[in-house]
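**Q** Quick one: this structure, given as structure tokens, is what I'll be asking you about.
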Amino acid sequence: MAATKQTTRPQNGEGVFPYLTAAAAALILLLTGSILLVVLWGAWPAWQAFGPAFLATSVWDPVQNLYGAIPAVFGTLVTSLIALALAGPLGIGTAIFLSELAPPWLKKPASFTVELLAAVPSVVFGLWGLFVLAPWFRVGPGQFLETNLGFLPLFQGPSLGIGVLTAGLVLAMMILPTITAISREVIRAVPQELREAMFALGSTRWEMIAKVVLPTGKVGITGALLLGLGRSFGEAIAVTMVIGNANLIPSSLLAPAQTIASLIVNEFPEAFDLQLSALLLLGLLLFIITLAVNMIAVWLVQRTTQGIPSSQEKRPVKRRTLRRFFSNGQ
Amino acid sequence: MTQSIAVQDLSVWFGRHQVLKNVSLYAKPKEVTALIGPSGCGKTTLLRCINRLHDLYSNATIHGKIMVGTENILGVNIDPVELRRRVGMIFQKPNPFPHLSIFENVAAGLRLHGLACGRAAAERVEACLRKAALWEEVKDSLDRPGIMLSGGQQQRLCIARALAIEPAVFLMDEPCASLDPVSTMRIEELIKELREDYTVIIVTHNMQQAARISQQTAFVLNGELVEAGPTAEMFIAAKDDRTEAYLTGQMG
């Protein structure tokens with residue numbers, strides 16, 4: 001009975017199903033492609049007007065319709081590098097603690113808390129930065145830097161609370177979970193036999209970490225740092241709220257500045273003609289930079305986690321973890 | 001300096017699960033002691049107690065004594081880090097450090113303990129590679145990564161790495177399990193040579209191997225040491241029926 005039924009059982013949806021999923025996949029490519037096309041289309045007038053000089057001009061003057069990328073690019077690079085310098089060591093340190101040192105009962109809740117940080121919306125980081133961090137920074141560390149290190153060009157001028165350094169701090173908070181979680185995955189992918197080999201030679205835990213875990217995971221950890229960097233490049237709302245939004249190359253780390261993303265947020269709603277086109281050209285620049293950084297990062301992370309050369313099977317980084325951090329906040 | 005290993009009434013639990021039950025075993029200096037028994041019987045656990053690798057995982061409870069020389073290495077005043085320097089360990093799968101060259105793999109222990117550097121280190125590395133019967137094959141490629149070698153060469157590299165810090169005893173956990181017959185023969189030759197200077201305890205699933213290289217054999221079953229004695233005697237006439245059954249392939 002069963003055998004005869006099987007041949008006549010209707011193949012529900014079998015014919016349609018592959019086409020539906022293929023259509024869904026194609027739609028994503030189509031969307032990405034059309035976004036790129038629209039940005040290219042919109043950026044074209046500005047490229048015609050300024051050409052490569054756009055990248056070498058430091059004026060941003062909507063009144064005279066003169067636009068250059070330098071202040072925004074500079075602000076983006078400086079804030080992101082500050083964030084990386086702060087969150088990098090902290091994130092790698094946390095990852096080492098979580099994977100090598102934390103007692104088992106602490107590992108899960110601590111990892112979860114760090115990843116929770118990634119789930120906080122950008123605008124909340126921005127609000128926190130503006131209402132909590134900035135006022136504290138103005139009278140605390142900012143004041144200290146102004147009075148004690150004000151003679152250095154780096155810390156000239158009054159401590160306003162908002163500015164390059166504050167933006168860097170907020171960005172550091174935001175990229176910390178990315179760096180921590182990916183570094184932790186990379187470190188976890190270091191085969192256990194390599195750890196035991198070092199222990200068996202009579203090493204302490206710290207020696208084992210310094211001589212086996214970090215060198216073996218070096219490439220992947222670099223990838224984790226680049227992923228964090230990529231995220232901070234593109235961050236818009238939180239930075240806009242704390243950077244002070246001044247279209248100049250900042251004179252010091254305490255001064256207000258502008259990033260590509262914050263400039264777009266600030267001017268896009270009222271921009272038209274050439275200004276709009278210049279903003280889109282900046283957007284295109286950001287798109288290319290971020291794409292390149294992310295691609296290099298993913299390549300590095302996967303190279304380590306799939307290819308730590310050892311006789312033992314490798315534990316690949318969970319794609320899920322990578323994806324989670326790509327979809328975040330941007 | 002060769003030292004005997006005496007395991008006395010050793011019991012080990014992982015969580016609530018008892019893995020070893022009152023095991024006692026004496027391994028003479030300059031002899032190879034083979035631990036045989038079916039998978040999961042506790043052989044590896046016993047071996048790893050001797051350099052306290054279980055200390056790294058918090059759920060192990062260990063009772064009893066293990067005397068290396070005249071010292072109870074399970075005692076509270078023993079620093080496991082210092083102990084492991086005196087106890088060489090070879091693992092089931094060759095595990096050279098992937099980021100280090102052949103030379104630096106052997107020198108890893110020397111660098112770790114600041115035993116030798118420069119010319120002295122180079123001499124020590126050469127001596128260890130010669131002793132591990134690997135020198136002739138790698139002398140022109142010392143700068144290449146250790147993982148470029150074949151499995152058997154990697155395992156000899158690991159033996160050279162362990163030799164470099166001059167341990168008193170050698171523990172081997174199925175060192176030939178992932179190797180082809182030719183590589184296995186070379187490692188066995190090497191173990192016979194090591195015996196002249198070291199106490200060796202080797203876990204093996206290969207009873208022919210136990211017969212070929214060991215002077216004493218111990219049969220472990222379900223966490224208990226069923227029988228231990230001179231290899232020749234045990235393979236000809238085992239005292240216990242269970243040993244007999246295992247050796248003749250009727251069990252495990």
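**Q** Output the Kirkwood hydrodynamic radius of the protein assembly as shown, Cα pairs only, in Å rounded to one decimal. Mind showing how you got there, number by number?
**A** Working: mean 1/r = 0.0352 Å⁻¹.
Computed over Cα pairs of the protein assembly as shown, the Kirkwood hydrodynamic radius comes out at 28.4 Å.
**Q** Describe numerically, in nm with one decimal, the distance between label points set 7 Å from Cα along Cα→Cβ at A:N12 and at B:K21.
**A** 5.5
**Q** Shifting gears a bit: Given R₀ = 41 Å, FRET efficiency for A:W41-A:V123 by Cβ-Cβ distance, to 0.05?
**A** Values: r = 30 Å, r/R0 = 0.72.
For A:W41 and A:V123, the calculated efficiency is 0.90.
**Q** Go ahead and run the numbers for FRET between A:L77 and B:D79, Cβ-Cβ distance against an R0 of 35 Å, rounding to 0.05.
**A** Numbers: r = 49 Å, r/R0 = 1.40.
Taking R0 as 35 Å, the efficiency between A:L77 and B:D79 is 0.10.
**Q** If you average 1/r over all unlike Cα pairs in chain B and invert the result, what Kirkwood radius do you get in angstrom? Spell out each step's value before the answer.
**A** Numbers: mean 1/r = 0.0537 Å⁻¹.
Taking every pair of different Cα atoms in chain B, averaging 1/r and inverting gives 18.6 Å.
**Q** Follow-up question, since we're still on this one. Mind listing the long-range amide H neighbours of B:I90? Cut-off is under 5 Å, sequence gap 5 or more, other chains count too, H placed in the peptide plane at 1.01 Å from N.
**A** B:L171, B:M172, B:D173
**Q** Among A:S159, A:S262, A:S251, which one shows the biggest mean-square fluctuation in a GNM of chain A, springs joining Cα atoms closer than 10 Å?
**A** A:S251
**Q** List every residue whose amide H lies under 5 Å from the amide H of A:L160, counting only residues 5 or more places away in sequence or on a different chain, with H placed 1.01 Å from N in the peptide plane.
**A** So A:L160 has HN proximity to no qualifying residue.
**Q** If I build a Gaussian network model for chain B, linking alpha-carbon pairs within less than 10 angstrom, which residue out of B:T184, B:T33, B:T199 has the largest mean-square fluctuation?
**A** With Cα springs under 10 Å in chain B, the top fluctuation among B:T184, B:T33, B:T199 is at B:T184.
**Q** When the convex hull of the Cα atoms of region B:35-140 is projected onto a plane and the area is averaged over all directions, what value comes out in nm²?
**A** Details: hull surface 37.6 nm².
Average of the hull's projected areas for region B:35-140 equals 9.4 nm².
**Q** In nm, to one decimal, how far is the modelled label at A:L29 from the one at B:S58, with both set 7 Å along Cα→Cβ?
**A** 5.0
**Q** Same structure again: Can you pick out the pairs among B:K43/B:K131; A:K108/B:K43; A:K218/B:K93; B:K192/B:K239; B:K21/B:K93 whose Cα atoms lie more than 30 Å from each other?
**A** Values: B:K43/B:K131 27 Å; A:K108/B:K43 32 Å; A:K218/B:K93 23 Å; B:K192/B:K239 26 Å; B:K21/B:K93 27 Å.
A:K108/B:K43, as the Cα separations exceed 30 Å there.
**Q** When a/c is below 1.5 the answer is rounded, else prolate if a/b is larger than b/c, else oblate, so apply that to region A:1-131 with a ≥ b ≥ c taken from the square roots of the Cα gyration tensor eigenvalues.
**A** Values: a/c = 3.60, a/b = 1.29, b/c = 2.79.
In terms of gyration-tensor shape, oblate.
**Q** Give me the extension gain from A:Q143 to A:F131: residue separation times 0.36 nm, minus the current Cα-Cα distance, reported in nm with one decimal.
**A** Values: separation 12, 0.36 × 12 = 4.32 nm, distance 1.71 nm.
Here the segment from A:Q143 to A:F131 would lengthen by 2.6 nm.
**Q** Continuing with the same structure: Show the residues, 5+ positions off or on another chain, whose built amide H is closer than 5 Å to the amide H of B:Q3.
**A** Those qualifying (amide H under 5 Å, at least 5 residues apart or on another chain) are B:T199.
**Q** In whole Hz and in residue order, list the ³J(HN,Hα) couplings for region B:220-230 that follow from phi through the Karplus curve 6.51 cos²θ - 1.76 cosθ + 1.60, θ = phi - 60°; x for Gly and Pro.
**A** 10, 9, 6, x, 10, 8, 6, 7, 9, x, x
**Q** Highest GNM mean-square fluctuation, chain A, Cα pairs closer than 10 Å: which of A:F137, A:F17, A:F97?
**A** The residue with the greatest mean-square fluctuation here is A:F17.
**Q** If you don't mind, another one. What Kirkwood hydrodynamic radius, in Å, does chain A give when the mean of 1/r is taken over all pairs of distinct Cα atoms and then inverted? Write out the running numbers ahead of the final one.
**A** Numbers: mean 1/r = 0.0445 Å⁻¹.
Kirkwood hydrodynamic radius for chain A: 22.4 Å.
**Q** Sticking with this structure for a sec: State, to one decimal in nm, how far the label point of A:L248 lies from the label point of B:T2, with both points 7 Å from Cα in the Cβ direction.
**A** It is 8.2 nm.
**Q** A further question on this structure: Applying 1/(1 + (r/R0)^6) with R0 = 51 Å to the Cβ-Cβ distance of B:Q215 and A:R303, what FRET efficiency is obtained, to the nearest 0.05?
**A** Numbers: r = 48 Å, r/R0 = 0.93.
Rounded to the nearest 0.05, the efficiency is 0.60.
Values in this text are rule-based calculations from the coordinates and carry no lab data. Note that the structure is predicted; figures quoted are calculated from it, not measured. Positions of Cβ are generated from backbone atoms using ideal geometry, with glycine treated the same way; all protein chains shown enter the neighbour counts.
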